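Report on the following structure.
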Amino acid sequence: MKGYRKRIADEILKRKLEGKGAVLIEGPKWCGKTTTAEQIAKSILYMDDPETKEQNITMSELSPKRLLRGETPRLIDEWQLAPKLWDAIRFEVDHRGELGQFVLTGSAVPPDTKEITHSGTGRFTWLTMRPMSLFESGESTGEVSLNALFSQPEELDGESRLDIDRLAFLVCRGGWPQAVGMRDEIALDQAIDYYDAVVHADINRVDNVKKDPERVKRLMRSYARNQGSQVPNTVIAQDIAANNEAAFDAETVAAYLNALRKIFVVEDMPAWNPNLRSKTAIRSSNTRYYVDPSIAAAALGISLCENDQQLHIIPGTYTPTQALRLPGVKVMMKNNLPATLEALRQMGASAAMVENCGMENEKIYRKLEDIPENAGYFSLLIVK
């Protein structure tokens, strides 16, 4: 296929097809599942093709076996539109007695699974895809591998060609395959468009329950503020209540987050323990993450810089006078806060601050006059 960028999942998919009759590729919309599967498929059924969608769904009810005819591996794209196909594929795999027969792709968990009677154990294997890593998109050289970090740490040698401004851009652009190679301004729009689609449409389709877009936005904004932390749903509900008038209880938060998980927009990192014999995890709560950092940036709706405005990341070794003399936007860490606040008041500048950034007691101050001089050590000050 023209312009296809190799994915890490390519080799994993090949290996899985050698060991099972069917492979289910899951992941968020637009991360490249179908395109990756198309590289290995010998025949394809697009379930959501507008010209044949209704016909395909009807056929899945009457004679699902007919939809499975074709050269193998046969790709069934957006299979969740017809959940009965699951058992039909399981039956075909059993009776054909051959491996590598089907590849299924889907960007959501089927809203109705009561028609699925078999788990697929022994017939199916799963592959989760996510947006591109920097190595897959070509922005990282891949000189240092995770394997080498452990197997040959004394021989590690590599150099990043990305400066901090470019890294900040890539976080906001994300790893969406279609955005890679676009002009920067247009590439940034893709994550915003993805976020808008989730808010207004995708989150409703997963369970066929209409949700208020404004409430979805508030939830996703709060989740973005708490990304990388282990906050419970009650804290997210409190955060929403503190920044908005509308009530949002923990049960509603849980329901909305469950819908976002089913469309692979959020993906919590499970608690872990390096000691395999331990009965308890070192970290007892899951860590909150979006499947791609660009979703968090789009949900916050905040741009640190505009056009060619400069961005300066300033360590605590700078004096307030040195730091505030710089042009553009300043992100200040571990600074002399009382002296900095006094200088900002004299300048008439605007500033915001995150206190205890990334911790459970994190607090956001959006106005200069609200920032306390005795804020915690892990505070981050943004000056525009």
**Residue list for the range 191-210, restricted to those being crowded, with 18+ Cβ neighbours inside 10 Å and without any contact (Cβ under 8 Å) to a residue 60 or more places away in the chain** = Val199
**Message:** Against the conditions (1) more than 21 Å from Arg15 (Cα to Cα); (2) modelled with pLDDT of 95 or more; (3) crowded, with 22+ Cβ neighbours inside 10 Å, where does Ile89 fall short? Just the number, please.
**Reply:** (1)
**Request:** Answer yes if at least one residue in the range 45-53 is among the polar types (S, T, N, Q) and over 24 Å from the mean Cα position of the chain (by Cα), and no otherwise.
**Result:** yes
**Request:** State whether one or more residues within the range 127-137 are of a type outside the set (Phe, Trp, Tyr), farther than 30 Å from Lys42 by Cβ and part of a loop (DSSP other than H, G, I, E, B).
**Result:** no
**Prompt:** Residues in the range 65-112 that are in contact with a helix residue (DSSP H, G or I) (Cβ under 7 Å, 6 or more places away or on another chain), farther than 24 Å from Arg130 by Cβ and among the polar types (S, T, N, Q): how many?
**Reply:** 1
**Asked** Filtering the range 104-124 down to residues that are of a type outside the set (Ser, Thr, Tyr) and not in a loop (DSSP other than H, G, I, E, B), which residue is surrounded by the most Cβ atoms within 10 Å (Cβ to Cβ)?
**Response** Leu104
**Message:** Which residue is farthest from the chain's Cα centre (by Cα), if the candidates are limited to the range 92-106 and must be closer than 16 Å to Tyr46 by Cα and modelled with pLDDT of 95 or more?
**Reply:** Phe102
**Request:** Just need a number here: residues in the range 19-49 that are without any contact (Cβ under 8 Å) to a residue 40 or more places away in the chain and of a type in the set (A, V, I, L, M).
**Result:** 3
**Prompt:** Which one of these is out of contact with any strand residue (DSSP E or B) (no Cβ under 8 Å at 6 or more places or on another chain) and at positive phi: Asn233, Asn204, Asn208?
**Reply:** Asn208
**Complete:** Scanning the range 15-41 residue by residue, those in a helix (DSSP H, G or I), over 18 Å from the mean Cα position of the chain (by Cα) and of a type in the set (Val, Ile, Thr) turn out to be Thr35, Thr36
**Prompt:** Of the residues in the range 315-355, how many are of a type outside the set (Ser, Thr, Tyr), over 35 Å from the mean Cα position of the chain (by Cα) and in a loop (DSSP other than H, G, I, E, B)?
**Reply:** 3
**Request:** For the range 183-193, state whether one or more residues are under 24 Å from Asp268 (Cβ atoms) and either at pLDDT 85 or above or outside any helix (DSSP H, G or I) (or both).
**Result:** yes
**Prompt:** Counting just the residues of the range 125-146 that are touching a Leu at 6+ places or on another chain (Cβ under 7 Å) and more than 30 Å from Gln101 (Cα to Cα), which one comes out surrounded by the most Cβ atoms within 10 Å (Cβ to Cβ)?
**Reply:** Glu139
**Prompt:** Looking at the range 185-204, which of the residues that are under 15 Å from the mean Cα position of the chain (by Cα) and among the acidic types (Asp, Glu) is farthest from Arg166 (Cα to Cα)?
**Reply:** Asp202
**Asked** Is at least one residue of the range 50-59 closer than 28 Å to Asn208 by Cα, of a type in the set (Asp, Glu) and either touching a helix residue (DSSP H, G or I) at 6+ places or on another chain (Cβ under 8 Å) or touching a residue at least 24 places away in the same chain (Cβ under 8 Å) (or both)?
**Response** no
**Asked** Which residues, taken from the range 305-314, are at pLDDT below 80 and either of a type outside the set (A, V, I, L, M, F, W, C) or assigned to a helix (DSSP H, G or I) (or both)?
**Response** Glu306, Asn307, Asp308, Gln309
**Asked** Can you spot a residue in the range 147-157 that is surrounded by 11 or more Cβ atoms within 10 Å (Cβ to Cβ) and not in a loop (DSSP other than H, G, I, E, B)?
**Response** yes
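The values are calculated or read from the model by the stated rules, or taken from the named source; none is laboratory data. Here the structure is a predicted model, which is why all the values come from computation and not from measurement. Here the Cβ is made from the backbone with ideal geometry for all residues, glycine too, and neighbour counts use every protein chain on show.
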